[in-house]
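The values are calculated or read from the model by the stated rules, or taken from the named source; none is laboratory data. What you are looking at is a predicted structure, and each value in this text was computed from that prediction instead of being measured. Backbone-built Cβ (ideal geometry, glycine too); neighbour counts: all protein chains shown. Accessible surface is based on the protein model in full, side chains and every heavy atom, while ligands, DNA and RNA are left aside. Shrake-Rupley method; radii C 1.70, N 1.55, O 1.52, S 1.80 Å.
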Amino acid sequence: MTRSSRNPARNIVILTGAGISAESGLGTFRDAGGIWAKFDPMKLATPEGYASDPDAVLDFYSARRANLIGARPNAAHLALAGLEQAWMMAGRGEFLLVTQNIDDLHEQAGSASLLHMHGELLKTRCTECGHVFTDREPLTRARACPSCGAVGSLRPHVVWFGEMPLEMERIYAALESVDLFVAIGTSGTVWPAAGFVREARAAGAWTVELTLEPGEVSAMFDERHDGPATQIVPDWAARLEAV
Ligand code: BJW
C-alpha cells in the first residue's frame, strides 16, 4: 500500500517526548537548561551509575517524583486524549499513544491506549523479585519490597541507557500497519524511539513532526510544524478530527 492511498488515515501511532510536558513545568532533557545540562545521565540514568552510587540515583528520582506530584496536563495532553476519544467513537481505526515520558500526564488527561516505553516515575520495581508497584513515596535503600521483603532492592521503574525499552513488540506491531505517525516534543536523539519514523515510512505512513524546533531526525518527516505544544497540538488535532 502506498502512502497516498492511505488517506484519510485509519491507524494512527503518536510518539510523545519531554517537549509535550514542558509547559506543565516538567523539564526537557536536552534543551538549554534541561535535565542533562544539570545532571550527568551516565551517573544517574544507567545501571552502572545505580550500581556505583544508588543513593544519588534514588535521590534524583525521588526529587523528580515530588515535582511530578503537583504537575497537571496541559492543552496538548488534553487534545490527544480528545482525539483518541473522537477517533474511537467514529470507528476510524486503531489509535496508539506511545510516550517516552515517565510522567503520568497523559493518564491524567484521559488517554487510554497508552504505552510508556521508558517506564513510569510513579512506579517502583524490586530488583530481587521483579515486583512492580505504584508508589508516590521517596525511594530509599532502607525501604523493603512489599512483595518479597528484600531491603535495599527498590529502584524506579524507568528505562536507563543500555536497558531494553518496554512494550517494543506491541509498538513495532502497531508500526507495521500505521497510516499516520506523529512525533511530538521529542528531539529524536534517543534510540530506538528515534527510528520509529523510519519504520512508519517503510509501512507507507504519512509522518508528521510537531515540536519547538527541528531535531535529529526531522528530515525524515513528510510534514513539520514548529511551535509550543500547547498551541500546535490542539490545532493539528482539530484539523485531523475535521477530516
Ligand atoms: C518542545 C517544547 C514545547 C521543548 N513544545 N516541543 C543506535 C541505535 C540504537 C540504540 C542506540 C544507538 N546509539 C546509542 C544507542 C543506545 C541508547 C541511545 O539512544 N543513546 C543516544 C543518546 C545516542 N539507547 C538506549 O540505551 C535505549 N535502549 C536500547 O537501545 O535498548 C537496546 C539495547 C539494550 C541493551 C544493549 C544494547 C541495546 C534506552 C534509552 C533509555 C532512555 N532513558 C531516558 C531516561 C528515562 C528515565 C528518566 O526520565 O530519567 O529517557 S534518557 C531521556 O531521553 C528520557 C527520554 O524519554 C529520552 C528522550 O528524550 P526526549 O523526550 O526526546 O527529550 P529531549 O529533551 O531530548 O527533547 C525535547 C524536545 O522537545 C526537543 O525537540 C525540543 O525542541 C522540544 N520542546 N519545549 C513542543 N513547549
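For the range 62-219, the share of DSSP beta bridges that are antiparallel, to the nearest 5, is 55%. Ordered from highest to lowest accessible area with the whole protein assembly present and a 1.4 Å probe, CYS126, CYS148 read as CYS148, CYS126.
Cβ-Cβ distance of THR189 and MET168, R₀ of 22 Å, FRET efficiency by 1/(1 + (r/R0)^6): the value works out to about 0.75.
Counting only alpha carbon atoms, the long axis of helix 54-69 and the longest principal axis of the chain meet at about 50°. Leaving out ligands, DNA and RNA but keeping every protein chain, what accessible area does ASP226 have, in Å² rounded to the nearest 10, with a 1.4 Å probe? The accessible area comes out at roughly 80 Å².
Can you work out the FRET efficiency for the pair GLU213 and THR140, with r the C-beta to C-beta distance and R0 = 30 Å, to the nearest 0.05? Here the calculated transfer efficiency is 0.20.
For the chain, the equivalent ellipsoid built from the Cα gyration tensor has semi-axes of 33, 18, 17 Å, listed from largest to smallest. For the chain, the relative contact order works out to 25 percent when only alpha carbon pairs closer than 8 Å and six or more residues apart are counted. Using 1/(1 + (r/R0)^6) with R0 = 35 angstrom and r between the beta carbons of VAL151 and GLN108, what's the FRET efficiency to the nearest 0.05? Rounded to the nearest 0.05, the efficiency is 0.60.
Heavy-atom accessible area, probed at 1.4 angstrom with all protein chains present, ranks THR140, THR99 as THR140, THR99, highest first.
Semi-axes of the equivalent ellipsoid for the range 7-92, please: Cα gyration tensor eigenvalues, times 5, square-rooted, ordered largest first, whole Å.
Whole-Å semi-axes of the equivalent ellipsoid: 34, 15, 13.
Taking the Cα centre of the chain as reference, the dipole from Cβ charges on Lys and Arg (+1) and Asp and Glu (-1) amounts to some 180 debye.
Measuring nothing but how far apart in sequence close Cα pairs (under 8 Å, 6+ apart) lie, relative to its length, the range 121-227 scores a relative contact order of 18 percent.
3J(HN,Hα) along the range 81-92: 5, x, 5, 4, 4, 5, 4, 6, 4, 7, x, 6 Hz, from the Karplus curve 6.51 cos²θ - 1.76 cosθ + 1.60 with θ = phi - 60°, whole Hz, x for Gly and Pro. Per-residue ellipticity at 222 nm from helix content only, as computed over the chain with -39500 (n - 2.57) for each DSSP H run of at least four residues, stands at -9000 deg cm²/dmol. Available extension along the chain between ARG198 and ASP55 is 47.6 nm, counting 0.36 nm per residue and deducting the alpha carbon span.
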